[in-house]
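In what follows, a structure is listed as structure tokens, so that the remarks can point back to it.
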Amino acid sequence: MYSFEVDKPGSVEAAVAALQIEEAMALGGGQTLIPTLKQRLASPSRLVSLAGIAEMKGVSAVDGVVTIGGGTPHATVAREAAGAYPALAALAGNIGDPAVRNRGTIGGSLANNDPAACYPSAALASGATIVTSSREIAADDYFQGMFTTALHEGEIVTAVRFPVPQAASYQKFEQPASRFALVGVFLARFAEGVRVAVTGASEDGVFRWSEAEEALNKEFRADALTGLAIAPENMIADLHGTKEYRAHLVSVMTKRAIRAVG
Amino acid sequence: MSEVRIVVNGVERFGVVEGRTLLSGFLRDGLGLTGTHVGCDTSQCGACVVHVDGQAVKSCTMFAVEADGRSVDTIEGQAAPDGTLNAIQQAFQDHHGLQCGFCTPGMVMSAAALLKENPTPGEAEIREYLEGNLCRCTGYHNIVKAILAASGQDVAAIAAE
């Protein structure tokens with residue numbers, strides 16, 4: 001790692017001020033950023049740790065909306081959201097491994113927007129609102145491609161508000177070494193309609209499979225996807241799977257999610 | 001450079017660290033507690049697992065300054081002061097849960113965290129909890145047996161695969 005200083009502000013306001021320094025970066029749980037720093041793929045002058053900001057931690061459920069502080073670790077979400085939003089809690093409880101879940105945070109995951117991360121699919125499928133240090137952003141506007149979001153320089157994800165669907169399921173085809181999603185599908189069924197978000201598959205990052213949503217809004221069963229296919233062109237290809245393999249998996253995992261929701 | 005004050009295995013320790021000093025580095029190089037092993041240094045292998053405020057974390061993926069003011073437990077604090085092994089360590093010995101021993105500190109610390117959350121985990125729960133701890137010798141079988149035994153459960157039911 002290159003050398004840097006670490007700030008530990010106690011409030012969002014102080015963290016925003018600390019991030020004004022040139023080349024400063026926010027540090028959430030560090031489960032992605034620290035390995036990145038070790039590889040010298042980032043060279044911040046200063047890291048601003050968000051771990052000591054009490055107002056960014058915790059899970060609450062009020063009037064059909066689950067709100068999760070941006071600094072809340074996955075293990076806490078898995079435990080505390082289980083009653084209010086079981087599919088979201090199950091997703092959080094299957095990220096990485098137990099030690100990673102004790103450190104990694106939802107805000108860090110959404111700010112990084114790894115194309116194979118789990119949380120972006122839940123936020124997009126739920127129609128979540130990303131609350132930042134300066135504004136509120138609808139999930140449909142927030143995710144803008146692989147590792148790209150609507151966040152500005154120095155803007156912090158302070159909370160995420162999830163409308164709780166009538167039923168939901170996250171189906172993850174896990175890459176066993178990294179435990180990221182080779183393909184993951186989050187399906188959320190609301191009174192207003194079905195939302196299907198896919199992670200791990202596309203070179204453009206998380207996306208909504210709108211054809212599947214339309215088909216499921218007409219008829220909610222796995223057979224409704226018959227004849228629908230994802231075009232392989234924009235799928236990710238790597239040593240774990242070809243474009244065609246991932247495109248196929250999107251259908252398979254979506255059908256599993258439909259059956260799980262019932 | 002920052003000053004840190006960390007309670008390690010119940011004893012308050014002080015140090016002066018760089019921002020980039022990892023908790024694993026502080027424990028090993030700063031305090032000489034080399035029982036915490038660094039296997040991969042990429043957050044994959046889990047040999048460096050310690051407890052921070054009672055929770056399992058990979059100490060190679062946390063900065064020492066983040067542990068300032070907190071309590072850290074390492075493998076060195078597991079046995080009694082006279083060297084008597086704790087139940088998990090003893091079970092690893094009894095059930096041959098290690099060969100080369102490199103992963104063992106992390107395995108024992110993960111097992112301790114698991115048994116605190118779930119005092120009588122099933123075989124599948126143990127295997128799932130150890131997803132972030134890699135062993136390249138035993139094939140995990142005897143490690144799982146050791147953890148079952150340490151939690152007072154019957155290990156005879158597990159057949160060799």
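The values are calculated or read from the model by the stated rules, or taken from the named source; none is laboratory data. Here the structure is a predicted model, which is why all the values come from computation and not from measurement. With ideal geometry, Cβ positions are generated from the backbone for all residues, glycine too; neighbour counts draw on all protein chains shown. Surface accessibility is based on the protein's heavy atoms, side chains included, excluding ligands, DNA and RNA. Shrake-Rupley method; radii C 1.70, N 1.55, O 1.52, S 1.80 Å.
Placing unit charges on the Cβ atoms only, positive for Lys and Arg and negative for Asp and Glu, gives region A:5-49 a dipole magnitude near 240 debye about its Cα centre. Pairing chains A and B buries close to 2200 square angstrom of accessible surface in total, based on protein heavy atoms and a 1.4 angstrom probe. With R₀ fixed at 41 Å, the C-beta to C-beta distance from A:Arg135 to A:Asn234 puts the FRET efficiency at about 0.90.
Using the 1.4 Å probe convention, the accessible area of region B:1-61 works out to 40 Å² per residue with neighbouring protein chains retained. What aspartates and glutamates does B:Lys116 reach when the alpha-carbon gap must be under 15 Å and sequence neighbours fewer than 8 apart in one chain are set aside? Within reach: B:Asp53, B:Asp73, B:Glu125. In this structure chain A gives 41 Å² per residue of accessible area when probed at 1.4 Å with all protein chains present.
Surface composition of chain A: carbon plus sulfur atoms hold 50% of the accessible area, using a 1.4 angstrom probe and ignoring ligands, DNA and RNA.
In the distance distribution for region B:15-65, Cα-Cα pairs more than 13 Å apart total 51 percent. For region A:5-49, averaging the sequence separation of C-alpha pairs within contact (under 8 Å, six or more residues apart) and dividing by the residue count gives a relative contact order of 55 percent. Mean residue ellipticity at 222 nm, helices only, chain A: -8000 deg cm²/dmol; runs of at least 4 DSSP H residues each add -39,500 (n - 2.57), and the sum is divided by the number of residues. Across region A:5-49, the convex hull enclosing all Cα atoms gives 59 Å³ per residue. A 1.4 Å probe over all protein chains sorts A:Arg179, A:Arg208, A:Arg259 by accessible area into A:Arg259, A:Arg208, A:Arg179, starting with the largest.
Looking at region A:54-163, the pairs of alpha carbons with a distance over 17 Å make up 46% of the total.
When A:Phe173, A:Phe143 are compared by accessible surface with a 1.4 Å probe, the order from highest to lowest is A:Phe173, A:Phe143. If you wrap the tightest convex hull around every Cα atom of the protein assembly as shown and split its volume per residue, you get 150 Å³. Residue pairs exceeding 27 angstrom between C-alpha atoms, taken from A:Lys218/A:Lys255; A:Lys172/A:Lys218; A:Lys218/A:Lys243; A:Lys255/B:Lys145; A:Lys172/A:Lys243; A:Lys172/B:Lys58: A:Lys218/A:Lys243; A:Lys255/B:Lys145.
Each listed q (0.12, 0.13, 0.14, 0.20 Å⁻¹) maps to a log10 I(q)/I(0) for region A:115-254, found by the Debye formula over equal Cα scatterers with no solvent: -0.47, -0.55, -0.64, -1.20. The Cα-based radius of gyration and maximum Cα-Cα distance (Dmax) for region B:31-161 are 14.2, 46 Å. Remark on region B:87-150: hydrodynamic radius 11.2 angstrom, per the Kirkwood mean of 1/r across alpha carbon pairs.
Computed over region B:73-161, relative contact order equals 36 percent, with contacts defined as Cα pairs under 8 Å that lie 6+ residues apart.
With contacts taken as Cα pairs under 8 Å and at least 6 residues apart, region A:167-261 reaches a relative contact order of 30 percent. Of all beta bridges that DSSP places with both ends in chain B, some 90 percent have antiparallel geometry. Placing R0 at 35 angstrom, the Cβ-Cβ distance between A:Ala191 and A:Ala150 gives a FRET efficiency of 0.80 after rounding to 0.05.
Entry note, chain B: the mean residue ellipticity at 222 nm calculated from DSSP H runs of n ≥ 4, each adding -39500 (n - 2.57), is -7000 deg cm²/dmol after division by the residues and rounding to the nearest 500.
Ligands, DNA and RNA aside, A:Tyr245 has an accessible area near 90 Å² when probed at 1.4 Å. Of A:Thr226, B:Thr34, A:Thr254, the residue with the largest accessible area leads and the full order is A:Thr226, B:Thr34, A:Thr254 (1.4 Å probe). Across peptide A:25-32, the mean count of Cβ atoms from other chains lying within 10 Å of each residue's own Cβ comes to 3. About its Cα centre, chain B has a charge dipole of approximately 220 debye under the convention of +1 per Lys or Arg Cβ and -1 per Asp or Glu Cβ, with nothing else charged. The magnitude of the dipole of chain A, with charges of +1 and -1 set on the Cβ of Lys/Arg and Asp/Glu and taken from the Cα centre, is near 860 debye.
Ligands, DNA and RNA excluded, the heavy atoms of A:Lys243 present near 60 Å² of accessible surface to a 1.4 Å solvent probe. Rounded to the nearest 5, what % of DSSP beta bridges with both residues in the protein assembly as shown are antiparallel? Among the beta bridges of the protein assembly as shown, antiparallel pairing accounts for roughly 85 percent.
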